[in-house]
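Encoded as structure tokens, the structure appears first; notes follow it.
What follows draws every value from the coordinates through simple rules; no lab data is involved. In this text the structure is predicted, and so the values were computed from the model without any measurement. Glycine gets a Cβ as well: all are built from the backbone with ideal geometry, and neighbour counts include every protein chain shown.
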2 protein chains.
Amino acid sequence: MEPIRAPRGTQLTARGWQQEAALRMLMNNLDPDVAERPQDLVVYGGTGKAARDWPSFRALVRTLTTLAPDETMLVQSGRPVGVLQTHEWAPRVLIANSNLVGDWATWPEFRRLEALGLTMYGQMTAGSWIYIGTQGILQGTYETFAAVAEKRFGGTLAGTLTLTAGCGGMGGAQPLAVTMNGGACLIIDVDRARLERRVATRYLDVIADSLEAGVRLAVEAQIARQPLSVGVVGNAALLVPELLRMGVPVDIVTDQTSAHDPLSYVPSGVEPEDVADYAARKPEEFTERARHSMARHVEAMVGFLDRGAEVFDYGNSIRGEAQLGGFDRAFAFPGFVPAYIRPLFCEGRGPFRWAALSGDPADIAATDRAILDLFPENESLRRWITMAGERVAFQGLPARICWLGQGERDKAGLRFNEMVADGTLGAPIVIGRDHLDTGSVASPYRETEAMRDGSDAIADWPLLNALVNTASGASWVSIHHGGGVGIGRSIHAGQVSVADGTELAAQKLARVLTNDPAMGVLRHVDAGYEDAVEVAGSAGLRVPMGESA
Amino acid sequence: MEPIRAPRGTQLTARGWQQEAALRMLMNNLDPDVAERPQDLVVYGGTGKAARDWPSFRALVRTLTTLAPDETMLVQSGRPVGVLQTHEWAPRVLIANSNLVGDWATWPEFRRLEALGLTMYGQMTAGSWIYIGTQGILQGTYETFAAVAEKRFGGTLAGTLTLTAGCGGMGGAQPLAVTMNGGACLIIDVDRARLERRVATRYLDVIADSLEAGVRLAVEAQIARQPLSVGVVGNAALLVPELLRMGVPVDIVTDQTSAHDPLSYVPSGVEPEDVADYAARKPEEFTERARHSMARHVEAMVGFLDRGAEVFDYGNSIRGEAQLGGFDRAFAFPGFVPAYIRPLFCEGRGPFRWAALSGDPADIAATDRAILDLFPENESLRRWITMAGERVAFQGLPARICWLGQGERDKAGLRFNEMVADGTLGAPIVIGRDHLDTGSVASPYRETEAMRDGSDAIADWPLLNALVNTASGASWVSIHHGGGVGIGRSIHAGQVSVADGTELAAQKLARVLTNDPAMGVLRHVDAGYEDAVEVAGSAGLRVPMGESA
Ligand SMILES: NC(=O)c1ccc[n+]([C@@H]2O[C@H](COP(=O)([O-])OP(=O)(O)OC[C@H]3O[C@@H](n4cnc5c(N)ncnc54)[C@H](O)[C@@H]3O)[C@@H](O)[C@H]2O)c1
Ligand SMILES: NC(=O)c1ccc[n+]([C@@H]2O[C@H](COP(=O)([O-])OP(=O)(O)OC[C@H]3O[C@@H](n4cnc5c(N)ncnc54)[C@H](O)[C@@H]3O)[C@@H](O)[C@H]2O)c1
């Protein structure tokens, strides 16, 4: 089969730009430069797919190509199941992926139904056709460290030293995210090859020959207020305590080793190449040793906490495992969502992203300039956009991601629409976001962990979010189950809108890009976050329970 | 507190008829003539509520009263959480009730969150403001028996004898539903008071002094092709086998005793007044005896099956309990959904209902005539509408329910809209339906039990249904969890539209009342039902997977 590649340029394959955008983004998700395993329709995240099977993919393409501007195509877990007449304000595509009735929402039942050809795993942006490659994880990590900088270090990491471990598929974004924020970073990985891969792609600056050499380099950069990332080969369960003993002046500590799975975390005294065999042969003994090591690792992290460092769990469950390993102060530091992301969510901030349907990188460069022009006061945004322009290699259609909040997303969307209208851009822009956003997900182990009012598991919000976007003029809207954390553990929604330069698109964008983040602000108002109440107030959002009779 | 009663007539309290309709239907759901426990905001179905608490109710009323015609109010489990600017084709209200992330979708977790004030149980039409009282269960039962008549007896039950048991809250609709279909009915209940209550409301014609007398009366009516319902006091586990032995020429057998709960089904040899005490004292012994009795009861039902009778399980789980009681042919007869309701669902048929905002019963009488005029060839519909007009006492705003299918609902809705426009009706009509409908529910123990392709637990469909109605012009749209069968066991969606006589309403009604049942037809096409394929074909519904490349 020919590799799939989205059409570029201004020639329409479909009957309008909204349909064309869905068609191109579906195909772009399966571009070999974007997808992990395009031959299996897998985009990312293990088995997150763009279409259920090849007949479904072909029917999706066929239907999008012929869909009228007042029709809507329905997609049920990656398969088109109908076309209905709606109206021009309605989405052109409505998507529901991987959803199961609660009592059946388990991996075994999901796999059984998948094997019967009745469903597929949509992850977040795989089945909703707005994945843009690894830029997403880099930006998310950048944003987290920017939030740390904002909270404790006056808005920049310049002059700070971050200590972390785990330089794998996700964790490997950490060194670049820290240096993009101006900081120095020491990153430990037990596997030299992982560090070398990140040096090759310029995510990591250098690998030190020894712990001492690494510390020297990193501390020099810290003192000189220079960005620098330094890799050190070794086991975090040994080296983090050692760094604590050495009294290294670390400001920030986190971790992205594969701690969520005690058969993946390498216990001290075990060589990485022996892990697979040992874990398979003696899983219980291995687990016990891994948890014991994690207890030592987390004990040292708490040691840094006690010395005043900013310490957080980066979503790998290392606190829980360390507690099982016998360390009882494991939960002395918080998870990253309650600590840094939730305050952003309260402002309606989240992973705003867009792609250029022209295929022309110059269009993204122009939108980058527009963003800088629109939000000149936002220093962290300026830093990200500038460095992303230099460092991020596009995968598939040129795209950009940055976090914008209530009152900003609509501004950006309307500006892009003007730029399409006045010819500054070569073709329309699609504007979407991750399902991991302020008001679009219920996921008690991640995005909605430890909500102030205890509403972690309430799933009304992502459903309302999808309904609101459908009612506001989005081009396609999706409701998924299980993304990020697995079947049974989350429900989330997505929207994508098209800036095609028309006045109608402007009206739609104004509503969608106001209402979509507003769902997040309102969700946090309802949960009792004062920041959200403030943002709702200044954005003029109407909150019925807050009004007097 | 003053009892709540919806305003009547043409004077608007709100800023438009869509908002006014939502306001009146919310209030109507809590009218003491409609609601089970209005003081607790409970409408029906145990704890199905219209609003989360009194402050929420007041905020809903306040917000609906001021809502602009291009604004949308968001309701999260019975509480208004925001108002956003949308557009005139968008719903005025979007509702998500009782939804929980899968792993947390249990009664204990739900109760915990409810106690924290974070959610409420919305049932189906309680939290979505379109409950119309007990007419619903009567019509549903009527429709089931009409489907039995259609399948086996040439479209009428005249000349047939139906044997059933259980004359309680739901089961008590059976005798009237059978006679409305022209049939004779023998109904057994162990509790004389239950039969007497139904005689008082004219749902049951007579109570016989003995089994023999009851049989004589019923068989006479059967031979004379006269509708007649006869109650007999006794235990079904004894009397059903006795009737089999007697060789009574029964045509149809079913049951609505409280078999779903083995502590409610009265074992043979136990007096109804001793049940509560005995079940509480010795629950295990009681359960064993009840299951043993159900085994005898179902064994006799299968005996009738073997003699050629039409036999079905009416959703009370008696087959499963009888199997546990040791009878191994319990599943020899089918459940009512696969047997009778699914064929209707394949045609997009379901519980279409409407209410007159004027409050004037004459408006419903006029719509009844319109329905008869529109569908003169539908004999069972004619019979229902005629008898309902004579027998059904209105509760709250006058309302009517009848099952209509693909291509019929839109005709009815448009006719009602014309009748509002030309002044035939005193005020606008709201048009909605139960969530128990052809394309709006995933519920593996009831509506989607035993789907042909095994897709019982796939929950994408009700979510797509809600999105489609939102995209088609409905006035309010809802997504609920757990209605009918409990938390963790179902996901379902509702829509209500307003016929206010305007041209815009006509355009919206044409789309919503076509697309809403179409979701059901498409769902059954996808599951492999040929009837649905045929209906989709004649309705001109586009099915992408069925089109050639
Ligand atoms: N924000 C989030 O919620 C979020 C996002 C992504 C990943 N994660 C979590 O972060 C973790 C890492 O994800 P990934 O995709 O990078 O995993 P990965 O398996 O690709 O990488 C894990 C890395 O940890 C290293 N490692 C294992 N044990 C070690 C030890 N004792 N000392 C030093 N290094 C060790 C491995 O060599 C490997 O390079 C996972 O637990 C994942 O669930 C969370
Ligand atoms: N279509 C559906 O899916 C559907 C709808 C409604 C009710 N149901 C089921 O139907 C059943 C009845 O519902 P209900 O609300 O009428 O219940 P209910 O408790 O109000 O009535 C049950 C009746 O059964 C009688 N009864 C119990 N044991 C008996 C015995 N051995 N012999 C004769 N009579 C006996 C009781 O006296 C009582 O009148 C329940 O199991 C319910 O779940 C199913």
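Tabulated results
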| item | result |
| --- | --- |
| Footprinting exposure proxy for A:ASP531, A:ASP255 (fewest neighbouring C-beta atoms within 10 Å first) | A:ASP531, A:ASP255 |
| For B:SER229, residues with placed amide H under 5 Å, excluding near neighbours | B:CYS185, B:ASP205, B:VAL206 |
| Rg ratio (alpha-carbon, reference 2.2 N^0.38 Å) - segment A:291-425 | 1.44 |
| Pairs of lysines in the protein assembly as shown (C-alpha under 30 Å apart; 8 or more residues apart or interchain) | 7 |
| Cα pair distances of the protein assembly as shown binned at 10 Å [whole percent] | 2, 10, 18, 21, 19, 13, 9, 5, 2, 0, 0 |
| Cα-based helix-to-principal-axis angle, A:530-539 vs chain A, degrees rounded to 10 | 30 |
| Efficiency of FRET between A:ALA68 and A:GLU534 - r from beta-carbon atoms, R0 35 angstrom, step 0.05 | 0.20 |
| For segment B:137-334, with +1 on Lys and Arg beta carbons and -1 on Asp and Glu, the positive-most of B:ILE137, B:THR160, B:LEU238 along the dipole | B:THR160 |
| Distances in nm from A:ASP328 to the matching label points in the other copies, shortest first (labels 7 Å along Cα to Cβ) | 5.7 |
| For segment B:137-334: relative contact order, % (alpha-carbon pairs under 8 angstrom, 6 or more apart) | 20 |
| Spin-label pair A:ARG15/A:LEU116, simplified geometry with 7 Å Cα→Cβ offset, distance in nm | 3.5 |
| Around B:ARG192: net Lys/Arg minus Asp/Glu count, Cβ-Cβ under 13 Å | -3 |
| Spatial extent of chain A: Rg and Dmax, with the Cα atoms as the point set, Å | 23.2, 69 |
| Dipole of the protein assembly as shown [Lys/Arg +1, Asp/Glu -1 at C-beta], most positive-end residue of A:ALA115, B:LEU504, A:ILE4 | B:LEU504 |
| Whole-angstrom Cα spans of segment A:218-348 along principal axes, big to small | 46, 37, 25 |
| FRET efficiency, B:GLU390 to A:ASP33 (Cβ-Cβ, R0 45 Å, nearest 0.05) | 0.05 |
| Within segment B:29-102, percent of DSSP bridges classed antiparallel, to nearest 5 | 70 |
| Likely footprinting exposure, A:SER210, B:SER98, B:SER478, fewest C-beta neighbours within 10 Å first | A:SER210, B:SER98, B:SER478 |
| 7 Å along Cα→Cβ, label-point gaps from A:ALA193 to other copies, nm, shortest first | 7.7 |
| Cα-based helix-to-principal-axis angle, A:379-391 vs chain A, degrees rounded to 10 | 90 |
| Teacher prompt: A:PRO249 distances to equivalent labels in other copies, 7 Å Cα→Cβ, nm | 10.4 |
| Sequence-distant residues sharing a close amide H with A:ARG79 (under 5 Å, placed H) | A:ARG52 |
| Charge dipole magnitude, Cβ of K and R +1, D and E -1 - segment B:397-468, Cα centre, debye nearest 20 | 240 |
| Positive-end residue, segment A:385-480 charge dipole about Cα centroid, Cβ charges, pick of A:LEU414, A:ILE458, A:GLN395 | A:GLN395 |
| Neighbourhood net charge (13 Å Cβ-Cβ; Lys/Arg +1, Asp/Glu -1) for A:GLY140 | 0 |
| Within 10 Å of each Cβ in A:87-94, the average number of Cβ atoms from other chains | 5 |
| Net +/- balance of residues flanking B:PHE110 in space, Cβ distance below 15 Å, scoring K and R +1, D and E -1 | -1 |
| Principal axis dimensions, largest first and in whole angstrom, of segment A:308-383 by Cα | 56, 28, 21 |
| Long-range Cα-Cα pairs in segment B:137-334 (distance over 24 Å), rounded percent | 33 |
| Relative contact order of segment A:331-403, defined on C-alpha pairs under 8 angstrom at six or more residues apart (%) | 47 |
| Percentage of interatomic Cα-Cα distances in segment A:185-281 larger than 15 Å | 63 |
| All Cα pairs of segment A:240-285, percent lying beyond 16 Å | 51 |
| Cβ charges +1 (Lys, Arg) and -1 (Asp, Glu), total dipole of the protein assembly as shown, debye | 700 |
| Relative contact order for segment B:268-331, counting Cα pairs under 8 Å that sit 6 or more residues apart, in percent | 36 |
| Pair A:ALA450, B:ARG452: separation of 7 Å Cα→Cβ label points (nm) | 5.2 |
